[in-house]
1. Report the full-extension gain for the segment A:Ile129 to A:Val74: residue separation times 0.36 nm, less the Cα-Cα distance, to one decimal in nm.
2. Select from A:Gln112, A:Gln33, A:Gln174 the residue whose mean-square fluctuation is largest in a Gaussian network model of chain A (Cα-Cα springs shorter than 10 Å).
3. Give the percent of DSSP beta bridges with both residues in the protein assembly as shown that are antiparallel, rounded to the nearest 5.
4. Measure out, as a whole number of angstrom, how far apart the alpha-carbon centroids of segment B:25-57 and segment B:95-146 sit.
5. Can you show me the helix-derived [θ] at 222 nm for chain A, built from DSSP H runs with n ≥ 4 at -39,500 (n - 2.57) apiece and divided by the number of residues, rounded to the nearest 500.
6. From the residues B:Phe77, B:Phe55, B:Leu134, which one has its Cα farthest along the dipole of segment B:2-164 in the positive direction, the dipole being from +1 and -1 charges on Cβ of Lys/Arg and Asp/Glu about the Cα centre?
7. Taking the alpha-carbon set of the protein assembly as shown, what are its Rg and Dmax in Å?
8. Under 28 Å between alpha carbons, and skipping anything fewer than 8 positions from B:Lys192 in its own chain: which lysines qualify?
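Nothing in this text is a laboratory measurement; each read-out follows from the coordinates by a stated rule. Please read these numbers as outputs of a predicted model, since none were measured by experiment. So basically every Cβ, Gly included, is an ideal-geometry build from the backbone, and we count neighbours across all protein chains shown.
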Amino acid sequence: MKKKPTISQFGDHGILLRYPEKIDHKIHKALTQYTHFLCNSFSEIIDGFTIAYHESAFYLKPDVSVDIAIELFVRKFNEANLLEEFKESSTLYIVPVCYEAPFALDIDEIAQSKNISVSKIIKIHTKPIYPVYFIGFLPGFPYLGGMSKKISHPRKASPRVKVSSGSVGIAGTQTGIYSSESPGGWNIIGRSPLNFFNTEIKNPSLFKAGDHIRFESIDYATYKNIEEEVKSGSYSIQKKTYK
Amino acid sequence: MIEVIHPGIHSTIQDAGRLSYREQGVPVSGAMDQHAYILANHLLQHEELAPVIEFTINGPTLYFYAETFIVLTGAEFHCKLNGKIISHASPIYVPAESTLEIGHVFKGNYGYLGILGGFSTEKILNSSSFHPILLPQAKLFKGMHLVYVKTKFKDTNFNARVIPVHDKFCRTKMDVYPGPDFNLLSKEQKEKLLNQKYFVDPSSNRMAIQMGNTPEISAPEIITAPVQPGTVQLTPSGQLIVLMRDAQTTGGYSRVLQLTDYAMNSLSQCEIGEGYEATFHLI
């Protein structure tokens, strides 16, 4: 992705970086790199930022002029040849999920409608390495790319009032993890015992844009063991550097 | 210390919000009317902005164990301190063992109670703002104890009074920027969007304000993209939603407009229901 994103104003204190509207791994990778690059270069004038699929937003400190910041950003872009000097490595996390009762509320329904077995759904869901596109919807909720269309399933017609924290769901061709208890319309196929959002630590969200995850099927007994370890603070998630 | 005798309809602690965790999906939160929040702090001569209580429709009743100073800003409520009516937007001395009753609102929507030194309730991610996802108990409750920083009033001239800007509480002309998806609309749709006289729908809350009397226009869903407080979304079914302080950080509806800070503060205080006009004005 040689092309640079466009830069425009977004409200009194916001600046938007923008690529053409598309869910595309290459576009997202370039967007994430440019976003992190600008955040690092201008951390003293930036209060926060948001990344999504093809756009990211910077929110400037209240007394900073948007016009001047845009000028700074453009100048920085022109002097940088990012993809050469700015190589970010990614972390691959292994996320344990129990695809059994009482957690897998909708897995039978998907199996029936797709006419495949539950074990096949688990096999398909645990196979890919999913890129974390961004965190949104709920604090710590990862938007994941790359789920197989073989197990896609439309959102529930009426959302559940309460979906438990850790629930793993499917909505259309997307898959994700409820990082806290919330109402929600995704089809629930399992639950992870991990804590995906913890305000006690510096970076409360377990994942960030640009990470990767793979799901690993565990049985109910293992779920309970890990749940205890998470509670006592002795659990550490399996992770490795991903090219 | 202060004790909550009656919590009111929906009273929360608010400040400037959580600005630095948006990429982790954390809503900004903070006072709906940031202007009134800052004003409360200025009137108490705070050097740094400190948390206040925000209330709506019906405010809380509070018992003060020790003497202090307070100030009320934002929407105007029927307020009595030890049975006596007290003034708005002016620091007030509160003797020890006092009861403050904040009754029904009569102008605006969100009122603020600042206390000398500021509330020192628990901070989560560098902010005291209550948000239901981050706090299991995200509003004041009966019997709750609120602590604040003990300090001396700097200026003896505590008769300073600010005349509130009344016009922003009724007719609201909201200054807006074109949103990132403004150009998904045709010229005719843009005109309809900007020429319409809206009202604030009663279903509005701290997450979003629904506009009533919407023109018959709609916009397609988009691939999920960044949103912020003040983003105006137009849905495929023609709803017009202004995201407010507790909103999510990303969204999938077309972002047709973006309110200025000033417009967002004004809109939060705009009278609810039919009969009040609000229009968008492109800057």
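1. Details: separation 55, 0.36 × 55 = 19.80 nm, distance 3.45 nm.
Value of the extension gain: 16.4 nm.
2. For chain A, modelled as a Gaussian network with Cα springs under 10 Å, the answer is A:Gln112.
3. Working: 93 of 106 bridges.
Antiparallel bridges: around 90 percent, rounded to the nearest 5.
4. 10
5. Working: 6 runs with 65 residues, N = 243.
That calculation yields -8000 deg cm²/dmol at 222 nm.
6. Toward the positive end, the furthest listed residue is B:Phe77.
7. Looking at the protein assembly as shown, its Cα Rg and Dmax stand at 24.6, 78 Å.
8. B:Lys192 reaches B:Lys168, B:Lys173.
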